[in-house]
């Protein structure tokens, strides 16, 4: 698993070829997503316990850190939404990936991020400023991996168009979810 993670960081397209060759199914993708969500929730809880200042004042994330089951559920839902969007929007733009491929891709990206989150936790304890910088680098790497795996899953060739598609999809999805939350009365009223 570690060699495949290294390959993912160095050559994500080759890593996707290895993952695809393993014949992983949608059930495998779901299992990977659930397992990584559980591990991420545990690591976040552990991080909040070991470095309490990092979790203070973090809004909803700060609340979820102290509720690992809720955090895991939120992560599973967001990963599932990401996989559905990766599959659906990609196919709408001529991609060839299936939902099973998207589930495996998102699950694998999450697995790589878990390993990096563990490294960040250790760095945050030993050298807090370096841990923060590593966290920023991890976020950038996550964005790169999402673009690369989207390209690999769907057979896209132009990374700029994929980035634009992802940004547009995130903006539209955020708008629609905000609209839905407002219609359901889930957003707090703002003073006028």
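The values are calculated or read from the model by the stated rules, or taken from the named source; none is laboratory data. Keep in mind that this is a model prediction, so the values were computed, not measured. Cβ placement follows ideal geometry from the backbone for every residue including glycine, while neighbour counts extend to all protein chains displayed.
Observations on the structure shown:
- Restricting segment 18-63 to residues that are at pLDDT below 95, touching a helix residue (DSSP H, G or I) at 6+ places or on another chain (Cβ under 9 Å) and outside any helix (DSSP H, G or I), the residue that is nearest to residue 82 (Cα to Cα): 58
- Summed over segment 118-140, the residues that are buried (at least 18 other Cβ atoms within 10 Å of the Cβ) and at pLDDT 95 or above give a count of 1.
- The single condition from (1) closer than 29 Å to residue 120 by Cα; (2) loosely packed, with under 12 Cβ neighbours inside 10 Å that residue 146 fails is (2).
- Among the residues of segment 2-17, those identified as free of Cβ contacts under 8 Å to residues at least 60 places away in the same chain and either surrounded by 15 or more Cβ atoms within 10 Å (Cβ to Cβ) or outside any helix (DSSP H, G or I) (or both) are 4, 7, 11.
- Listed here are the helices (runs of 4 or more DSSP H) enclosed by segment 80-188 that have at least 3 residues being under 25 Å from residue 21 (Cβ atoms) and touching a helix residue (DSSP H, G or I) at 6+ places or on another chain (Cβ under 7 Å): 99-126, 128-154.
- Within segment 78-102, residues that are under 19 Å from residue 35 (Cβ atoms) have Cβ atoms under 7 Å from residues that are modelled with pLDDT of 95 or more and not in a helix (DSSP H, G or I) in these pairs: 100/25, counting only partners at least 6 apart in sequence or on another chain.
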